């Protein structure tokens, strides 16, 4: 029982982190029609910034805040210097150019921080286990991730659906020429959206950093998961990204935790222990394949498409 | 017409260079260059296979490295199980790649555009994780191929020059095949589908079936490259399927000129030589390569072949 609750929460926490990453990706794609492979690099940079700033300031929270700002600025600079010129180009051009950016970022990190990974230690008050149900404790930090990510998701929803900027963003997504003609500074809007996406990726990276090591290429594997999520959720749909992210996070975590035991029930011990790791890492791709067969446009396609 | 002749001249020069390379290596005693170019020729084969679906078919596969792994693992696993004959290993490698392409293609082709890019990428990543999970065959660490494929005296793969020429022959064979396909009725249909799928369907062509067939042919060709690559490195590991490998192949195709017959070969030669050259200057070669890619995308329409065409026209 304890294990089930714990893994369930782990799945939720991982799913929410994936959502932060996927939200930025799907926002940038939905509005600027830009495929940004370097999104994972921003996630990595968020983690590196946080580790560095936390070491400088000696405070985890201050480091995290500074890192968030730094990723936002990095995203804006990136958009203004390079990616802006890719709008309206072929998707293949996006893939190649941002692939080049990944090479660049990985190498820049190796040059600045060295090939060894960094650690981002947690302050003492975040490492205590918190009782969530009678007799069941859960690490405070993972709980904090869940709370922060849910809060950000809510803010994002309110921001996009209830504010003027959000209205412009939605308008830009459905008809960019028209809102340009109405006198809205579309360039600035795009830069803002990209910066927002970068900050979300940075937030995901810096929150994940204390759990895993901060290392080169950390953004690449999780980027593929974010792709799977937006394919399942429907490209350009934030609601779809949210639901798909929770779904994928759950399936991946629970699959890894319980599939080996489940397989052992049906198969012989040796066969089960060979098949389990491969099968549990295939699980979400199988899920994606099934979604594709049933709904090629994703589960919650953005209404404009 | 003059534009055509410039790119033709450069292509001919490059092909002659590839054919005569072992002679140069023998005369200068530079063995390294032969090893380097064996790798280049094999990856050029992979790029040429990707070009068939990407350049002519308009299917942007971001998971082509999976076939390199499948071809390679077919050779490696059979070798480990004691089947050393190339007459078994290579057909198995091709068949395994074809089956994988059939399944992945049937699923991925339900989508188009960006979805297709992401889905082929995700499936290749799945293949990568599956290979990492194969504990019996080395898992993450990969699998050493102790004996190269045995073609019972027909060709000796352990002889550098013979192996190089085998790879080159395979490359020329694949390019010939691509040329025949592109100019056949089948190839014209596939190219028509790239331009306008709806219209082709309206005249009565079963679009998906043509595209799937093309996808499978391309995957099978790339599986051949994988089998050769495993023989070249005497080793196969999940890293060969990592998604940056697929990115490399895409870059080669685009750099050389997508949808041209010899563009991918040109792209592979230039890209890998550039990588070799930059990595000798600095350990941080990707720091230069990355922005270079960005510039190529921003300013280099049509790749090297396109550039040569423009130079020719003045």
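The values are calculated or read from the model by the stated rules, or taken from the named source; none is laboratory data. Not measured: the values here are computed from a predicted model. Note that each Cβ is placed from the backbone with ideal geometry, even for glycine, and that neighbours are counted across all protein chains shown.
Values computed for the structure shown
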quantity	calculated
Top-ranked residue in region B:260-314 [being away from chain A (no Cβ under 14 Å) and over 27 Å from residue B:180 (Cα atoms); ranked as surrounded by the most Cβ atoms within 10 Å (Cβ to Cβ)]	B:272
Looking only at region B:126-142, and only at residues there that are closer than 15 Å to residue B:78 by Cα and more than 9 Å from every other protein chain (Cβ to nearest Cβ), the one that is nearest to the chain's Cα centre (by Cα)	B:142
The listed residue being under 16 Å from residue A:8 (Cα atoms), modelled with pLDDT under 85 and assigned to a helix (DSSP H, G or I), out of A:263, A:243, A:259, A:254	A:259
Top-ranked residue of region A:197-235 - restricted to ones that are surrounded by fewer than 23 Cβ atoms within 10 Å (Cβ to Cβ) and outside any helix (DSSP H, G or I), ranked as farthest from the other protein chains (Cβ to nearest Cβ)	A:211
Test: residue A:94 is more than 8 Å from chain B (Cβ to nearest Cβ) and at pLDDT 85 or above	yes
Selection status of residue B:254, touching a residue at least 40 places away in the same chain (Cβ under 8 Å), under 27 Å from residue B:7 (Cβ atoms) and assigned to a helix (DSSP H, G or I)	yes
Residues of region B:23-60 satisfying the condition of being free of Cβ contacts under 8 Å to residues at least 40 places away in the same chain and on the phi > 0 side of the Ramachandran plot	B:29
Boolean, residue B:228 is farther than 23 Å from residue B:8 by Cβ, more than 12 Å from every other protein chain (Cβ to nearest Cβ) and part of a helix (DSSP H, G or I)	yes
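Residue by residue, here is whether (1) free of Cβ contacts under 8 Å to residues at least 40 places away in the same chain; (2) surrounded by 13 or more Cβ atoms within 10 Å (Cβ to Cβ) holds:
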residue	(1), (2)
B:131	no, yes
B:145	no, yes
B:172	yes, yes
B:182	no, yes
B:198	yes, no
B:205	yes, yes
B:212	no, yes
B:220	no, yes
